[in-house]
1. Does Gly73 count as under 21 Å from Pro9 (Cα atoms) and among the small types (Gly, Ala, Ser)?
2. Give the residue that is nearest to the ligand (Cβ to nearest atom), with candidates limited to residues of region 32-64 that are out of contact with any helix residue (DSSP H, G or I) (no Cβ under 9 Å at 6 or more places or on another chain) and open to solvent by 20 Å² or more (accessible area, probe 1.4 Å).
3. Considering each of His155, His142 in turn, give the residue that is within 13 Å of the ligand (Cβ to nearest atom) and surrounded by 13 or more Cβ atoms within 10 Å (Cβ to Cβ).
4. When you scan region 300-323, do you find a residue that is surrounded by fewer than 18 Cβ atoms within 10 Å (Cβ to Cβ), of a type in the set (Ser, Thr, Tyr) and within 17 Å of Thr210 (Cα to Cα), even just one?
Amino acid sequence: MAVALALLPALLAVLLAIPATSAAGGGTWLSLSASSAAFAAMATNLFLATRPRFLEPVFHGLDRMYRVHRALGITIVLLVLVHYVVAPNFQGLTLASGLNRLAKDLGEYAFYGLLVLAALSLVKRIPYTRFELPYGIWRQSHRLFGLVFLLVAIHQAFIKRPFDGAALLAVYLNLLAVIGIASFALTQLRPLLRGRRYLVTGVARAPGGTLVTARPASAGIRARPGQFAFIRFDRAGLGEAHPFTIAGGESGSNGQLRFAIRPLGDFTRRLRDTLQVGDAMVVEGGYGRFDPARGGARQIWIAGGIGITPFLSALDSALAVPGRQIHLFHCVRGAEEAIDRERLDAAARAEPGFAFTLHASAEAGRLGAGHIVSGCGFDPAGAELWFCGPSAMREGLVGDLVRQGKAPSRVEFERFEFR
Ligand SMILES: Cc1cc2nc3c(=O)[nH]c(=O)nc-3n(C[C@H](O)[C@H](O)[C@H](O)COP(=O)(O)OP(=O)(O)OC[C@H]3O[C@@H](n4cnc5c(N)ncnc54)[C@H](O)[C@@H]3O)c2cc1C
């Protein structure tokens, strides 16, 4: 459904190219269909990059929206290659004005720019090396797609075409140009428009992660349990927004937010080393659809390491449903890495519907289906599996459960990576 929706503007361009190029032959239709569809898909991608919240239910979360965005990006490159290789027949139309010639040149610059940016975007690590393009550079280079789109918009509007400006295809492409450029502008302004200012009220450097609490300076964000937000700080080296799940707190102007942040790379380590109480923080969110309260009566929750965060904020609302049974397995290397262990143990003692197992792999080995079957307070067969952790761990566990005849009825998960 989400993929079909994302492809719709491109498909419409292909359909509109039929009457617009009917007199020019099949090759021209193919070439201009491909270029028009690529342009429509670029506008769609710029729109998705604005993080439209109202589309999250359709895409099932921002992480899935970004995956569609990426797949659409690959499709754009393929379509543009078709346009480049299959030359349209312009039936004697020549580039008459200076504007026509400029449009042609800009089209070529856009083509090479697109190929370079696509390579930078899609190749995360250089094959056979350990070199990974830093996220900051990836992000900055991604911004240049807006410029490429602008060049393509000028190219398509002023190049000689076998249809005139009144053709439906021409009107449609101009409309897409406006949508694409407006979306790009919105994305650049989004931190100003959607960011809410907070003040850091606590920084605790625990073995499992840095625990950060903050209160809103005025209006806070609106967020549901299990959602994540993009956060940045007014402190050197911490100014780039990164996504973190809200590990507790409330929405609105009085609500404190809490994050648990594992020091894995530059930003997260710097945050652990330098963040201070009183620092100003900007929060944009909440995003995401990982909310077990939406789920069924029997739920197994599995958290890999710092993947515990969405469960910490979702616990209370998920338990508010009478009769629901939840068993949370938190997998860590050593027990000292556990976060909020006391609170989870206390909830397990107080709530008949909730059980909690801290699984320390240094002692008990990797969590497998056997641990779940023997440890779970109810039969895991047919229960829902809510998972937050590495993909390989999820795939291994689900496969293992299926082989043991304990297949979950549904697997819900959140990816901790967008690129
Ligand atoms: C939806 C979601 C929820 C998350 N929740 C948590 C959480 O609760 N706790 C936690 O510890 N971690 C969480 N993460 C992971 C966290 O965002 C990354 O570990 C962090 O951004 C890494 O930044 P770094 O510079 O320290 O590491 P680096 O080594 O520089 O980056 C490691 C990887 O993190 C990703 N990344 C880096 N910078 C950004 C950025 N600005 N925006 C998006 N991704 C980036 C890239 O894929 C990169 O390859 C979450 C990620 C996502 C997508």
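1. yes
2. Taking region 32-64 first, the residues out of contact with any helix residue (DSSP H, G or I) (no Cβ under 9 Å at 6 or more places or on another chain) are 54, 57, 61, 63.
Now restrict to residues that are open to solvent by 20 Å² or more (accessible area, probe 1.4 Å): 54, 57.
Numbers: Phe54: 19, Pro57: 16 Å.
Out of the qualifying residues, it is Pro57.
3. His142
4. First, the residues of region 300-323 that are surrounded by fewer than 18 Cβ atoms within 10 Å (Cβ to Cβ): 316-317, 320-323.
Retained after the next criterion (residues that are of a type in the set (Ser, Thr, Tyr)): 317.
Retained after the next criterion (residues that are within 17 Å of Thr210 (Cα to Cα)): none.
Checked against the condition, which is being surrounded by fewer than 18 Cβ atoms within 10 Å (Cβ to Cβ), of a type in the set (Ser, Thr, Tyr) and within 17 Å of Thr210 (Cα to Cα), region 300-323 yields no hits at all.
Each row is one residue, and each column tells you yes or no for (1) open to solvent by less than 30 Å² (accessible area, probe 1.4 Å); (2) part of a strand (DSSP E or B); (3) within 16 Å of the ligand (Cβ to nearest atom).
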| site | (1), (2), (3) |
| --- | --- |
| Leu176 | yes, no, no |
| Phe184 | no, no, no |
| Arg205 | no, yes, yes |
| Thr210 | yes, yes, yes |
| Ala214 | yes, yes, yes |
| Arg232 | no, yes, yes |
| Leu238 | yes, no, yes |
| Ala260 | yes, yes, yes |
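The values are calculated or read from the model by the stated rules, or taken from the named source; none is laboratory data. Predicted model, so just to flag it, every value in this text is computed and none were measured. Cβ coordinates were reconstructed from backbone atoms using ideal geometry, including for glycine residues, and neighbour counts include every protein chain displayed. Just the protein is used for accessible areas: all its heavy atoms, side chains included, with ligands, DNA and RNA removed. Shrake-Rupley method; radii C 1.70, N 1.55, O 1.52, S 1.80 Å.
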